[in-house]
Amino acid sequence: MTSQKIVDLISLKHLVARWRVTSNRIVFTNGCFDILHVGHLHTLKEALKLGDKLIVGINSDLSVKRLKGEERPLINEHDRAELIASMAMVDAVVIFDEDTPLSLIKFAIPDVLVKGGDWRVEEIVGGEFVKQAGGEVVSIPFTSNQSSSQIIQKIKNL
């Protein structure tokens, strides 16, 4: 089972071009999404409110290992992509291997770049590029104090 929303760069290029022709406002966010939780859901819902189409970049398994350690990810990249793609507010999912989504952001050139509230706007990777391209950068405040790392630690402590 593979969602049609999970795309490679060539397919993303065609989607973005089609969306731009119809004047859609494109929003981009990214993350590991190792253990999906309500904080992720809130951020994705709020992100879509800032535009018309939502692209989600997901760190590949190798990227997550480099960023979070050898025990991560707990859920493989294809399953994480399927979970995110199954959400109605998400229009496209792209898996990327780099440690940051900068090259993907430069490829998609979103109108709005979004991260969760643990990021200050000036720290968001790709923020300067998006601003220079005429877009905006938004940090969405958390509604709950949850993270995948916190959830994993709670499970380990049981």
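Scan region 6-36 for residues that are among the hydroxyl-bearing types (Ser, Thr, Tyr) and surrounded by 16 or more Cβ atoms within 10 Å (Cβ to Cβ) and report the count.
Taking region 6-36 as the starting set, the residues that turn out to be among the hydroxyl-bearing types (Ser, Thr, Tyr) are 11, 22-23, 29.
Among the residues that remain, those that are also surrounded by 16 or more Cβ atoms within 10 Å (Cβ to Cβ) are: 29.
Count: 1.
When you scan region 113-129, do you find a residue that is among the aliphatic types (A, V, I, L, M) and in a strand (DSSP E or B), even just one? Explain how you work it out, then say what you get.
First, pick out the residues of region 113-129 that are among the aliphatic types (A, V, I, L, M): 113-114, 121, 124-125.
Now narrow it down to the ones that are in a strand (DSSP E or B): 113-114.
Yes: one or more hits.
Tell me the residue from GLY69, GLY57, GLY117 that is in contact with a Ser or Thr (Cβ under 8 Å, 6 or more places away or on another chain), of a type in the set (Gly, Ala, Ser) and over 22 Å from GLN132 (Cβ atoms), please.
GLY117
Consider ALA47 against the criteria (1) modelled with pLDDT under 95; (2) buried (at least 19 other Cβ atoms within 10 Å of the Cβ); (3) outside any loop (DSSP other than H, G, I, E, B): it satisfies all of them except one. Which criterion is unmet?
It is condition (1) that ALA47 fails.
State whether the residues of region 32-44 include one that is of a type in the set (Val, Ile, Thr) and closer than 17 Å to GLU77 by Cβ.
Filtering region 32-44 down to residues of a type in the set (Val, Ile, Thr) leaves 35, 38, 43.
Narrowing further to those that are closer than 17 Å to GLU77 by Cβ: 35.
Yes: one or more hits.
I'd like to verify a number: residues in region 105-133 that are under 13 Å from the mean Cα position of the chain (by Cα), aliphatic (A, V, I, L, M) and within 21 Å of LEU15 (Cα to Cα), how many?
Total meeting the criteria: 5.
Yes or no: ILE58 surrounded by 20 or more Cβ atoms within 10 Å (Cβ to Cβ), of a type outside the set (Lys, Arg), without any contact (Cβ under 8 Å) to a residue 40 or more places away in the chain and in contact with a strand residue (DSSP E or B) (Cβ under 6 Å, 6 or more places away or on another chain)?
Working: surrounded by 20 or more Cβ atoms within 10 Å (Cβ to Cβ): yes; of a type outside the set (Lys, Arg): yes; without any contact (Cβ under 8 Å) to a residue 40 or more places away in the chain: yes; in contact with a strand residue (DSSP E or B) (Cβ under 6 Å, 6 or more places away or on another chain): yes.
Taking the combined requirement at face value, the residue satisfies it.
Give the residues of region 65-88 that are loosely packed, with under 15 Cβ neighbours inside 10 Å and either in contact with a Pro (Cβ under 8 Å, 6 or more places away or on another chain) or over 30 Å from LYS156 (Cβ atoms) (or both), sorted by residue number.
Selection gives LYS65, ALA88.
Matching residues to (1) at pLDDT below 95; (2) buried (at least 17 other Cβ atoms within 10 Å of the Cβ):
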| position | (1), (2) |
| --- | --- |
| ILE95 | no, yes |
| TRP119 | yes, no |
| ALA133 | no, no |
| PHE142 | yes, no |
| ASN145 | yes, no |
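Which members of region 69-104 meet the condition of being in a loop (DSSP other than H, G, I, E, B), over 20 Å from ILE10 (Cα atoms) and touching a strand residue (DSSP E or B) at 6+ places or on another chain (Cβ under 9 Å)?
Within region 69-104, the first condition is being in a loop (DSSP other than H, G, I, E, B), and the residues that meet it are 69-76, 86-91, 97-101.
Adding the requirement that they be over 20 Å from ILE10 (Cα atoms) leaves 69-76, 86-89, 99.
Matches in region 69-104: PRO73, MET87, MET89, ASP99.
The values are calculated or read from the model by the stated rules, or taken from the named source; none is laboratory data. Remember, predicted model here, so these are calculated numbers, not experimental data. Cβ: placed from backbone, ideal geometry, glycine included. Neighbour counts: every protein chain shown.
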